[in-house]
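Notes to accompany the following structure.
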């Protein structure tokens with residue numbers, strides 16, 4: 001007698017014992033046999049068929065209704081078995097994809113790594129949290145030989161691996177530009193051509209690029225359809241919107257971006273962000289940008305890094321710790 005026939009015989013004996021005595025020992029014995037079936041990949045419908053055959057041998061005079069009920073159970077288990085196989089195959093593919101995305105997210109973090117530079121008179125804070133594994137936001141700092149600070153913040157309208165690849169391309173394009181071509185206007189003009197030639201038309205990239213000059217205390221900047229930033233004036237204790245016109249990157253190949261400038265005085269702050277900040281929700285309603293500024297104003301006495309972290313924690317709690325979009329907030333303060 002082979003192993004399968006032996007298990008079938010034992011299963012029938014345990015079935016008979018349980019029907020006659022309701023003894024839990026019989027249940028335990030049947031459970032052990034089922035475990036061996038699982039190891040040998042015996043399908044659910046095969047186990048049900050084994051049960052039907054054992055029951056028929058023990059009680060050959062079962063009524064036609066019971067016999068039909070048993071056959072009905074067998075057919076449903078056949079459907080169940082097929083559905084289970086499909087689910088397991090999909091689950092395996094999902095786990096494989098999640099593993100690949102995890103590796104891609106780790107690579108993205110390495111590729112887009114940027115360090116906050118030390119600039120005399122500036123206090124810089126930044127936080128960038130992806131809503132999912134891959135981050136569709138990007139920020140980057142570049143320190144010029146003349147002591148200037150270049151600040152880039154961008155958002156890909158589109159998520160996942162394609163967005164991550166776009167951001168890597170943007171970063172390395174910026175890094176490849178010569179320093180004499182690092183003005184905000186020239187940066188966006190050049191990036192616009194790169195994106196127009198290399199990025200699928202269905203993907204859109206918004207970007208803000210600013211350059212701070214410590215000697216003149218001036219911020220020059222340009223925007224490619226990016227979320228407006230804000231300037232906090234310490235003297236008047238007020239916020240004003242940093243408005244800058246410009247098409248999103250890659251729409252038209254010959255787009256020329258306009259450059260702006262503003263003076264940054266002691267105690268002032270520049271706030272840059274992506275739409276994941278202003279599109280936080282309180283319940284089902286989007287918050288107003290005023291609420292973001294209220295929180296920044298509340299924490300304005302803190303170091304810049306502590307400020308951005310506290311603002312993020314506030315809106316994270318508001319959304320029940322579930323981000324609907326990537327959240328990037330960058331603040332630099334002119335020290336008093």
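Every number in this text was worked out from the coordinates using simple rules, so none of it is lab data. Quick caveat, the model's predicted, so the values are computed rather than measured. With ideal geometry, Cβ positions are generated from the backbone for all residues, glycine too; neighbour counts draw on all protein chains shown.
Any idea how far the Cα center of segment 116-151 sits from the one of segment 1-43, in Å? Taking the Cα centre of segment 1-43 as reference, the centre of segment 116-151 is 65 Å away.
Springs between Cα atoms under 10 Å define the GNM used for the chain, and in it the highest mean-square fluctuation of 183, 102, 79 occurs at 79.
Projecting label points 7 angstrom from Cα along Cα→Cβ for residue 240 and residue 61 puts them 10.1 nm apart.
Could you please rank 118, 166, 280, 233, placing first whichever residue has the fewest other Cβ atoms within 10 Å of its Cβ? Could the numbers behind the result be given before it?
Working: 118 9, 166 24, 280 21, 233 16.
Exposure proxy ranking, most exposed first: 118, 233, 280, 166.
Placing a pseudo-label 7 Å from each Cα along the Cα-to-Cβ vector at residue 98 and residue 28 gives an inter-label distance of 3.5 nm. GNM on the chain, alpha-carbon springs under 10 angstrom: the most fluctuating residue among 186, 82, 218 is 82. Give the distance, in whole Å, between the Cα centre of segment 285-336 and the Cα centre of segment 198-273. About 19 Å separates the Cα centre of segment 285-336 from the one of segment 198-273. Structure remark: mean-square fluctuation, Gaussian network model of the chain, C-alpha springs under 10 Å; the largest value among 217, 57, 291 belongs to 57.
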